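These notes concern the structure reproduced below.
The values are calculated or read from the model by the stated rules, or taken from the named source; none is laboratory data. Because the structure is a prediction, the values reported are computed rather than measured. Cβ placement follows ideal geometry from the backbone for every residue including glycine, while neighbour counts extend to all protein chains displayed.
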Amino acid sequence: MHIQEWLEQIPAVAIYLLVGVVIGLESLGIPLPGEIILVSSALLASQHGEIDPLVLGVCATTGAIVGDSIGYAIGRRGGKPLLERLGKRFPKHFGPAQVALAERSFQKWGMWAVFFGRFVALLRIFAGPLAGVLHMPYWKFLIANVFGGILWAGGTTAVIYYVGIVAEAWLKRFSWLGLVLAVLVGLTSMIVIRRRAAKAAAQAPAPEAPEEPARAEPAAARG
């Protein structure tokens, strides 16, 4: 069943909860299609009066901010071993190349990586945990997290909703095109990120081998 057709079968309260939970889990560090769920729900809100776009945007924003904050706390507590465990479980999202790119982004941009990371599929799941692992000051993380969450979640909801209102008749026949566009944008960003991740991993300096301890001379040689 088409995702939007499935959403039409459940009550508005369940949609609000679904959007908040999925985006929250994605922001926490679990690879989930949060953006697709949000776009689908906003399109549905533009076609059905039962769904309040303001409530939808608040739920999406809350899920993004809370999820990122929990991810930060987990990353701060788990440290580098956490990324290694995630890399074994989700190699396509938390592999060495992806971690290398995310670390380079954080080292170069700092709190702006958290803010703009909202708009990049890979960095969206990395931002919270990695900021905690790298011990970014929480006040910096919180500012970037709140403003990034509001702009991405609230802004996406508003834009998709008003586009749907303006082109309601067209969207009733071709609503799937909005999802196709979202998927294409997501795939394009993933391809770019993977290429940059591979380049970052290739440029990353190899770890230095530990020096061997000097061997003690035999007593006979010293004599």
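Details
- Of all the listed residues (G164, G155), the sole one being modelled with pLDDT of 85 or more and either over 23 Å from L54 (Cα atoms) or not aliphatic (A, V, I, L, M) (or both) is G155.
- Given (1) of a type in the set (G, A, S); (2) within 21 Å of I150 (Cα to Cα); (3) touching a Leu at 6+ places or on another chain (Cβ under 6 Å), number of the condition A102 does not satisfy: (2)
- Answer residue from segment 98-153, given it is of a type in the set (S, T, N, Q) and over 27 Å from V58 (Cβ atoms) and is farthest from the chain's Cα centre (by Cα) among those: Q107
- Residue match in segment 20-29 (condition: modelled with pLDDT of 85 or more, more than 18 Å from the chain's Cα centre (by Cα) and either surrounded by fewer than 16 Cβ atoms within 10 Å (Cβ to Cβ) or assigned to a helix (DSSP H, G or I) (or both)): no
- Among the numbered conditions (1) of a type in the set (A, V, I, L, M, F, W, C); (2) under 16 Å from the mean Cα position of the chain (by Cα); (3) buried (at least 22 other Cβ atoms within 10 Å of the Cβ), the only one that L44 does not meet is (2).
- Number of the condition not met by V183 [criteria: (1) β-branched (V, I, T); (2) at pLDDT 60 or above; (3) surrounded by fewer than 17 Cβ atoms within 10 Å (Cβ to Cβ)]: (2)
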